[in-house]
4 protein chains.
Amino acid sequence: MTEQLDHLFEYFGKDIIDIAIQRVATIPIEVPSWGFGRGGTRFGAYKVGTEPVTPGEKIAAAGQFHKLTGKGSTIALHFPWDGKNKTEVRKLKKPLKQAGIAAGSINANLFSIREKGPLTDTIRFGSLTHPHEKVRDASVKHCIDCLDYMRLLGSNTFVLWLPDGTNSPGQMSMYEQSERLEDALLQVSEALVENETMLIEYKIFEPGFYSTAIQDYGRSLYLSWLAGDNAKVLVDLGHHPHGVNVEQIIAQVVRQGKLGGFHFNDSYYADDDLATGSLHPHQLFRIFVNLIEGEMRGYVPVHELAFMIDQSHNIKDPFEELIESVENIETAYVKAMLVDYHGLEGARAAPDPTPADRILMDAFNTDVRPILYESRRNHGLPLDPLSTWRETS
Amino acid sequence: MTEQLDHLFEYFGKDIIDIAIQRVATIPIEVPSWGFGRGGTRFGAYKVGTEPVTPGEKIAAAGQFHKLTGKGSTIALHFPWDGKNKTEVRKLKKPLKQAGIAAGSINANLFSIREKGPLTDTIRFGSLTHPHEKVRDASVKHCIDCLDYMRLLGSNTFVLWLPDGTNSPGQMSMYEQSERLEDALLQVSEALVENETMLIEYKIFEPGFYSTAIQDYGRSLYLSWLAGDNAKVLVDLGHHPHGVNVEQIIAQVVRQGKLGGFHFNDSYYADDDLATGSLHPHQLFRIFVNLIEGEMRGYVPVHELAFMIDQSHNIKDPFEELIESVENIETAYVKAMLVDYHGLEGARAAPDPTPADRILMDAFNTDVRPILYESRRNHGLPLDPLSTWRETS
Amino acid sequence: MTEQLDHLFEYFGKDIIDIAIQRVATIPIEVPSWGFGRGGTRFGAYKVGTEPVTPGEKIAAAGQFHKLTGKGSTIALHFPWDGKNKTEVRKLKKPLKQAGIAAGSINANLFSIREKGPLTDTIRFGSLTHPHEKVRDASVKHCIDCLDYMRLLGSNTFVLWLPDGTNSPGQMSMYEQSERLEDALLQVSEALVENETMLIEYKIFEPGFYSTAIQDYGRSLYLSWLAGDNAKVLVDLGHHPHGVNVEQIIAQVVRQGKLGGFHFNDSYYADDDLATGSLHPHQLFRIFVNLIEGEMRGYVPVHELAFMIDQSHNIKDPFEELIESVENIETAYVKAMLVDYHGLEGARAAPDPTPADRILMDAFNTDVRPILYESRRNHGLPLDPLSTWRETS
Amino acid sequence: MTEQLDHLFEYFGKDIIDIAIQRVATIPIEVPSWGFGRGGTRFGAYKVGTEPVTPGEKIAAAGQFHKLTGKGSTIALHFPWDGKNKTEVRKLKKPLKQAGIAAGSINANLFSIREKGPLTDTIRFGSLTHPHEKVRDASVKHCIDCLDYMRLLGSNTFVLWLPDGTNSPGQMSMYEQSERLEDALLQVSEALVENETMLIEYKIFEPGFYSTAIQDYGRSLYLSWLAGDNAKVLVDLGHHPHGVNVEQIIAQVVRQGKLGGFHFNDSYYADDDLATGSLHPHQLFRIFVNLIEGEMRGYVPVHELAFMIDQSHNIKDPFEELIESVENIETAYVKAMLVDYHGLEGARAAPDPTPADRILMDAFNTDVRPILYESRRNHGLPLDPLSTWRETS
């Protein structure tokens, strides 16, 4: 393995490889509490019985995950799933501390029926865009409660994914949908203080099958301008129509200072929530190339973005599929760091696209596992987290 | 209203209109037991509380539906949802009789975990294509049990929709997936006797997000050849990739004598299961044009096909959305009957496409509600089922 | 036919029908000079020989079209196709006057190789985003020349459709693509004066097959903010990924005061440029419903938008397919005017989506041809333009 | 580099690597005569001037290509582009001999207007499915002429890609479209003799924008059964709707003994005809995994399939983009050979999908360039064909 690393030193230069070794170790990748549980489809969720169930169990699993992979130093939490009130939220602190991790992004669940109150009855008609003011108000309040939970847990990132949408053209005026959303969103954003961020997620469809209230990045971007400097765009890789060039969107949003972060997963058809990079590793590579290029041009540093895994582990073991996903993300990131950006810039200026594409493919075709191993060795992590996990769990 | 009908008599000829009045009344449209319940997504199902729950309540609802609309003289049933064994299935006869309807297509549920036995443990890996022989055998047995239920209830139509698929390329060999499916399917088809039909449904994705075992009509068609004369293709309007010309597939499968029937619904993005004809009424019209043209050319008579509604009523009231859907289907069918097929044939032979398309649009743009009303009046049905339902329920 | 109209008076109210008769006559629908010619694909264009070739012939055809349909009072022009310099452009005035029509939107062709100069050599690498400054400058200059042509011909609408894009990730930095485009666009927008409009068109792909410089409405919207009040978004119905809800985008852009107009056509797969409303008449109806709702809410009046047909007449006779398209647009618009917006508002507020959708479908299912005929009769137009054209040409 | 190869020997076993070195050298990859020319879109083709124009020039270029890459030992030819009659076709023999290559697949051009005769007038309405019998007959005749050319040039592979389709539902009956196609195709297939193959290509759209006559693999498969043992399915990677799992289709068609070969390219949106493997290298890898698995199961040996590149080189230099494509194909093929199929089988049988996917990714993440270099070295080829080409041309 040392020979393999020496080869990379020689080929790419020791400086480049050393930076890659260091940066891949420090890029923050967040895992979600719900991701340790078994995912499902509308046809059912097939629980095996070994999945963690309580918030405490999920946090403990995340702690193990962090020890094994070095990633997941923060965990995304979902409310009320992970706590129904301040008392319950406060109780998360102890397991977090025991697990050696911190609370990451705070996600407001706006689609689950509450046991009591206005969110109970007609939540299928929406939350922040519901025709009834009392439901909109209760939904805003839940978001603001989540901001409290965020502060209570020492986090500063709030994620808004909105289940609102419609299933037919008669159901709601597109004008009212927009207006209600903007009104509600501004109430939430006004509750933010400095250094707090609200990430606004978009999604082309599901659970709305005729419209969704925040359907694409264009809408998220507009809302994030309305909402001010605290608001940014969240890109979930599986939330686009077929054929959308995601890395182009990313570069454009980075340029406008509005990219906040990612929900990572992979998809073949729709919001499939498969293991990140498992089917489209070259797309993931291109995304990181665009992020690095953005950093080099003076836009947001890569490591200041929020990288969160958001997958649905329906078939594979959730813990293991998260390990797989982290390795795919690390691989794509390291490959993107090996790109000869200087050569690329020259070929593009010419323009001479054949060598430009070759420069990219040269990095992509490199076996970067020696870099991953070295990085893990430097941090006392197992070289092969999956095997270690299987041997020890 | 009489004047409106007179106008149609005059414009299209009384013969044509009389046939339309008669045929729209007699085209069989089946409703599903599960369709009277509240549908949902993976994010939840929002039950209102008024939905029928037990098989008996669903059958009673279907009886009311039949009285109001004249459609739904048969009801699709799903096992084990509607009965777990022969005793329970036998008990359906009484409510069916009371409701004045008959059992229609019999659907095998192969995705729900059974309480006991080999289907319990690892059903997420498949049913007829499961890596373990005992699960495949148990799945075949459930299908054959369903054939028994079918005979017990006096039906002759078995519908196979297979939830099997994979979420990653490593999970299963595409060769083994095909082989297991064909082996299992032949065991089922060999259990069929004359005049019994197995309809083989296909679906591009969900719940499998990398592959589904029967992914498209080409696969259904091949399987229906393997399985013999009793096997036919079932087209669900929402089970295709974007951009597939569904009416072309229909004509080709009709020509090959292999079209068995439809699961009707509408979709914007994926298998959205919205109200049939609510977003793409022109597509529904084109489908009926192709069916009628097939009948005129000596292929399968339209009324011998199985027309089944298969929707997920997540937002609207299920009973009402079924009425809406039936009306959209009737509308499309009547419009397709008004097409001047003789003129169309001439324009196509020329070829002279502008008048050919105009002939189609001439029928599509006609207001056919006078025909629907006359047809309902002739059969003692309320002219406006939705209003009558609201007034009386 | 009078009885049919009386029926509509009675059903919808005479006021509504009278307004529809009047408004459908006055909604401006522009036809393009190039649309009278034979379209083609990359596999060839199959000219019959009867198509007009010179700008003068196309303008004469447009004049005939206007006399027959009442639409096409302005004609979209494309430069340098319709004129290479001011002298040639000036010569268009006479045929326009003879044809009884005016110049409409002015379109800059940025994809054709010029005979001489910097646009000759490497135009495949782009125009406003070309890596070479001299090509970008020449492209800006061509746009500004087009503004001169616009003023010279008495028009005030400039349409920018950009062929720029890339075929591989190496070819161009997404950052430079954005930056160059914004720099160039601002040079063009600064050349605009009051009451002049630049419409910025977007397109998901083609001729770029990895990226296009203005890929979606989100990008057009952003550019139109940068460029100021004179800049607006142009929606071409065939320029979206599969599954995008176009009418939702329209409502959102209308709300933001940034919708400029449309390129009308229909599509099944991509930018197919088929006859408007020929496959998705319900979508066209929904679009007009959203436009009317926007006007009723105090946003842009429908008739102040630019409605332009932009199709590729590969198979049918171009002149005839334009007639077909106009009739489909008129039909959709009239149906949208028949919607009971007051009832719809109530049902939406409840929320009670089943009757809300029924209100829409009630209008859509109405045969509005009596309204079209009455409108044509009032303006001395042939009741059936296609038949009249066939009889007289 | 030797150390890199030693590492692979050690990791995968010398046997596996030696086989990979040998097989990647001998897999036949065909290049098309038209691929050396500049491609274009409906907006134009931007010729640089250095592209070969005459058939002789294209063949000479293919000879150079073969010398550099070892691939392209056969060249696909297109008639009448590469010859209008037997005399002209016969004249291709000399340049082929001089270039050291042979004629490969013979492609019938059915979309270009001929100078004289029945194909002249209305070819936009179709060839083998044209409403007029004389056009259908002339089209069949052209196919049979192409069989003559095939024999004359010593090839045994005929490729049928059909431009036929429609742009509206009125234009043609879907029944007549099918019937005419089958009649015509049988005339062509009956003219084939033993050891001759007709490959039937399918395509979801373009140039037909409402239907294409052979729209998907299901249709190709059916036609190939009708046409008999000489007929097989040709898969063009860019001819599917979004979201179709191409490798699954491939496995199914292989299992049925009907896969004939490929047209290789890559695509993001539609039939983009980009460099193979440039955007979806993992898909290309998965395809080769399925082919190898098929060979291991006793189906068609990989090297007996026809691998043809079919791209449109609009931006990059055609010759160079072909080199890039060949390298991407070689890379994917070698990676697929490194898969631990034995381990994969075990993990799938368990089922244990996480290690199964890891086995695939382990091969994919390997840098296989040492194998490519060794293979080239063994055959006296330049290690880096692109650099050699740039230095010497």
Next on the checklist: Taking the criterion of being surrounded by 15 or more Cβ atoms within 10 Å (Cβ to Cβ), at pLDDT below 95, under 16 Å from D:Asp82 (Cα atoms) and within 14 Å of another protein chain (Cβ to nearest Cβ), would at least one residue in the stretch D:41-49 satisfy it?
Outcome noted: no
Item to check | Residue satisfying condition, being of a type in the set (A, V, I, L, M, F, W, C), on the phi < 0 side of the Ramachandran plot and surrounded by fewer than 18 Cβ atoms within 10 Å (Cβ to Cβ), within set C:Ala102, C:Ala61, C:Ala76 | outcome: C:Ala102
Checklist entry - Any idea how many residues of the stretch B:114-125 are surrounded by 15 or more Cβ atoms within 10 Å (Cβ to Cβ) and at pLDDT below 95? => result 7
Checklist entry - Would you pick out the residues in the stretch C:1-40 that are within 14 Å of chain D (Cβ to nearest Cβ) and under 16 Å from C:Ile315 (Cβ atoms)? => result C:Gly37, C:Arg38, C:Gly39, C:Gly40
Next on the checklist: If I filter the stretch B:353-362 for residues that are among the charged types (D, E, K, R), within 14 Å of chain D (Cβ to nearest Cβ) and touching a helix residue (DSSP H, G or I) at 6+ places or on another chain (Cβ under 6 Å), do I get at least one hit?
Outcome noted: no
Item to check | helices (runs of 4 or more DSSP H) wholly inside the stretch B:2-103 that include at least 2 residues being closer than 30 Å to A:Thr41 by Cβ and out of contact with any His (no Cβ under 7 Å at 6 or more places or on another chain) | outcome: B:55-69, B:86-90
Next on the checklist: If I ask for residues that are within 10 Å of chain C (Cβ to nearest Cβ), of a type in the set (D, E, K, R) and without any contact (Cβ under 8 Å) to a residue 40 or more places away in the chain, which ones from the stretch A:176-201 would you list?
Outcome noted: A:Glu179
Checklist outcome for this item: Of the residues in the stretch D:338-368, those that are in contact with a Gly (Cβ under 9 Å, 6 or more places away or on another chain), in contact (Cβ under 8 Å) with a residue 40 or more places away in the chain and surrounded by fewer than 20 Cβ atoms within 10 Å (Cβ to Cβ) come to none
Next on the checklist: Six or more apart or on different chains, Cβ atoms under 6 Å: show the pairs whose first residue is in the stretch D:133-144 and crowded, with 19+ Cβ neighbours inside 10 Å and whose second is polar (S, T, N, Q).
Outcome noted: D:Ser139/D:Ser127; D:Val140/D:Gln187
Checklist entry - Between a first residue in the stretch C:159-175 that is more than 7 Å from chain A (Cβ to nearest Cβ) and a second residue that is part of a loop (DSSP other than H, G, I, E, B) and among the polar types (S, T, N, Q), which pairs have beta carbons less than 6 Å apart while being 6 or more apart in sequence or on different chains? => result C:Asp164/C:Ser127; C:Asp164/C:Thr129
Checklist entry - How many residues does the stretch B:182-213 hold that are closer than 16 Å to B:Asn107 by Cα and of a type in the set (A, V, I, L, M, F, W, C)? => result 7
Checklist entry - If you go through the stretch A:369-385 one residue at a time, do you hit one that is surrounded by fewer than 22 Cβ atoms within 10 Å (Cβ to Cβ), acidic (Asp, Glu) and within 14 Å of chain C (Cβ to nearest Cβ)? => result no
Checklist outcome for this item: For the stretch C:145-182 the number of residues that are more than 22 Å from C:Phe262 (Cα to Cα) and of a type in the set (Val, Ile, Thr) is 1
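Residue by residue, here is whether (1) in contact (Cβ under 8 Å) with a residue 12 or more places away in the chain; (2) out of contact with any strand residue (DSSP E or B) (no Cβ under 7 Å at 6 or more places or on another chain) holds:
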position	(1), (2)
D:Met296	yes, yes
D:Tyr299	yes, yes
D:Glu304	no, yes
D:Asp310	yes, no
Checklist entry - Regarding B:Leu344, is this residue modelled with pLDDT of 95 or more, within 11 Å of chain C (Cβ to nearest Cβ), over 18 Å from B:Ser375 (Cα atoms) and assigned to a helix (DSSP H, G or I)? => result no
Checklist entry - If you go through the stretch D:30-50 one residue at a time, do you hit one that is over 21 Å from D:Phe288 (Cα atoms), under 18 Å from the mean Cα position of the chain (by Cα) and among the hydrophobic types (A, V, I, L, M, F, W, C)? => result yes
Next on the checklist: If a residue must be surrounded by fewer than 21 Cβ atoms within 10 Å (Cβ to Cβ) and in contact with a Gly (Cβ under 9 Å, 6 or more places away or on another chain), how many such residues does the stretch D:187-196 contain?
Outcome noted: 2
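Residue-wise test of (1) in contact (Cβ under 8 Å) with a residue 24 or more places away in the chain; (2) within 17 Å of the chain's Cα centre (by Cα).
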{"site": "C:Tyr217", "(1), (2)": "yes, yes"}
{"site": "C:Trp225", "(1), (2)": "yes, no"}
{"site": "C:Gly228", "(1), (2)": "yes, no"}
{"site": "C:Ala231", "(1), (2)": "yes, yes"}
{"site": "C:Gly238", "(1), (2)": "yes, yes"}
{"site": "C:His242", "(1), (2)": "no, no"}
Next on the checklist: So, in the stretch C:320-337, how many residues would count as being over 27 Å from C:Asp18 (Cβ atoms) and buried (at least 24 other Cβ atoms within 10 Å of the Cβ)?
Outcome noted: 2
Next on the checklist: Show me the strands (runs of 3 or more DSSP E) found entirely inside the stretch B:202-314 where at least 2 residues are out of contact with any Gly (no Cβ under 7 Å at 6 or more places or on another chain) and either surrounded by 24 or more Cβ atoms within 10 Å (Cβ to Cβ) or within 14 Å of chain D (Cβ to nearest Cβ) (or both).
Outcome noted: B:231-236, B:259-264
Item to check | Matching residues in the stretch B:172-182 - criterion: being of a type outside the set (Ser, Thr, Tyr) and either touching a Lys or Arg at 6+ places or on another chain (Cβ under 8 Å) or at pLDDT below 95 (or both) | outcome: B:Met172, B:Glu176, B:Glu179, B:Arg180
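Would you be able to say whether some residue in the stretch C:325-337 is without any contact (Cβ under 8 Å) to a residue 40 or more places away in the chain and assigned to a helix (DSSP H, G or I)?
Keep residues of the stretch C:325-337 that are without any contact (Cβ under 8 Å) to a residue 40 or more places away in the chain, which gives none.
Scanning the stretch C:325-337 turns up no residue that is without any contact (Cβ under 8 Å) to a residue 40 or more places away in the chain and assigned to a helix (DSSP H, G or I).
The values are calculated or read from the model by the stated rules, or taken from the named source; none is laboratory data. From a predicted model like this one, the values you see are computed outputs, not experimental measurements. Heads up, the Cβs are rebuilt from the backbone with ideal geometry, glycines too, and the neighbour counts pull from every protein chain shown.
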